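Following: one structure in structure tokens, then a few remarks.
The values are calculated or read from the model by the stated rules, or taken from the named source; none is laboratory data. Computed from a prediction, not measured in an experiment: that's the story for all the values here. Heads up, the Cβs are rebuilt from the backbone with ideal geometry, glycines too, and the neighbour counts pull from every protein chain shown. Accessible surface is based on the protein model in full, side chains and every heavy atom, while ligands, DNA and RNA are left aside. Shrake-Rupley method; radii C 1.70, N 1.55, O 1.52, S 1.80 Å.
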Amino acid sequence: MKVIAFNGSPRKKWNTATLLNKALDGAAAQGAETELIHLYNLDFKGCVSCFSCKMKGGKSYGKCAAKDGLTPVLARVEGADAIILGSPIYLGTVSGEMRSFMERLIYPYLTYTEPPESLFPKKINTAFIYTMNIPEELKELYSQHFLYNEMYMGLIFGVTESLYSFDTYQFEDYSRVVADRFNREQKAQRRRDVFPRDCERAFDMGARLVKE
Ligand SMILES: Cc1cc2nc3c(=O)[nH]c(=O)nc-3n(C[C@H](O)[C@H](O)[C@H](O)COP(=O)(O)O)c2cc1C
């Protein structure tokens with residue numbers, strides 16, 4: 001079993017990356033081969049609307065024809081047994097890099113048929129890991145976004161699940177930033193008490209992805 005995780009945060013050791021690594025640890029504990037790809041290390045753009053992936057009889061039908069740093073990565077997804085997409089929430093959605101990645105990952109496989117179908121050659125397990133500042137009580141704010149992502153991932157790849165990490169610890173040193181909205185002690189306490197539980201949930205999710 002091969003699992004690839006994608007980090008949609010520019011930070012390579014913070015909340016999102018930590019949870020992705022935990023999920024990969026969980027998969028590895030079940031004997032899976034794992035890989036973490038930092039999207040911010042790659043040179044790529046989102047969909048440019050060329051529609052090569054939709055052309056009747058076209059040589060790129062069902063595939064992204066754009067050639068850039070994402071091209072070899074998209075090819076590797078076809079060899080994976082599970083993929084995990086991790087992203088911080090930026091202004092109410094996944095980060096720009098994650099969004100661009102999702103356009104290139106999902107759209108070529110999506111048919112404009114009624115009903116829509118998937119051109120992805122097999123079914124694989126997929127998961128999302130979202131990290132964000134808002135507390136869990138406000139999750140409803142982004143629920144439509146989460147729902148859409150699950151809908152597309154489910155349609156294209158098969159079974160999908162989502163893990164949410166709320167009220168994350170955002171700054172290395174809260175005393176140095178203008179952020180009166182946050183209670184420094186509460187943030188630190190949550191980092192200590194709740195984030196480790198999020199990490200455990202991520203580990204379990206990673207294990208589940210390669211077991212089912
Ligand atoms: C540009 C930017 C926009 C953000 N917008 C939101 C937001 O709309 N909602 C939210 O809950 N958190 C928001 N955050 C906070 C991040 O989602 C949160 O700190 C996340 O855990 C960061 O992930 P990382 O530690 O892996 O980089 C934003 C952070 C940045 C840098």
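Is it true that some residue in the range 96-116 is away from the ligand (no atom under 16 Å from the Cβ), open to solvent by 70 Å² or more (accessible area, probe 1.4 Å) and either of a type in the set (Ser, Thr, Tyr) or in contact with a Phe, Trp or Tyr (Cβ under 9 Å, 6 or more places away or on another chain) (or both)?
Yes, some residue in the range 96-116 is away from the ligand (no atom under 16 Å from the Cβ), open to solvent by 70 Å² or more (accessible area, probe 1.4 Å) and either of a type in the set (Ser, Thr, Tyr) or in contact with a Phe, Trp or Tyr (Cβ under 9 Å, 6 or more places away or on another chain) (or both).
For residues in the range 34-58 being of a type in the set (Lys, Arg) and surrounded by 12 or more Cβ atoms within 10 Å (Cβ to Cβ), which is farthest from residue 68 (Cα to Cα)?
First, pick out the residues of the range 34-58 that are of a type in the set (Lys, Arg): 45, 54, 56.
Filter again for surrounded by 12 or more Cβ atoms within 10 Å (Cβ to Cβ), leaving 45, 54.
Working: 45: 8, 54: 19 Å.
In this case the residue turns out to be 54.
Taking only pairs six or more apart or across chains, which ones have beta-carbon atoms under 6 Å, a first residue in the range 87-105 that is under 15 Å from residue 162 (Cα atoms), and a second residue that is within 15 Å of the ligand (Cβ to nearest atom) and in a helix (DSSP H, G or I)?
Filtered contacts from the range 87-105: 87/98; 88/16; 93/145.
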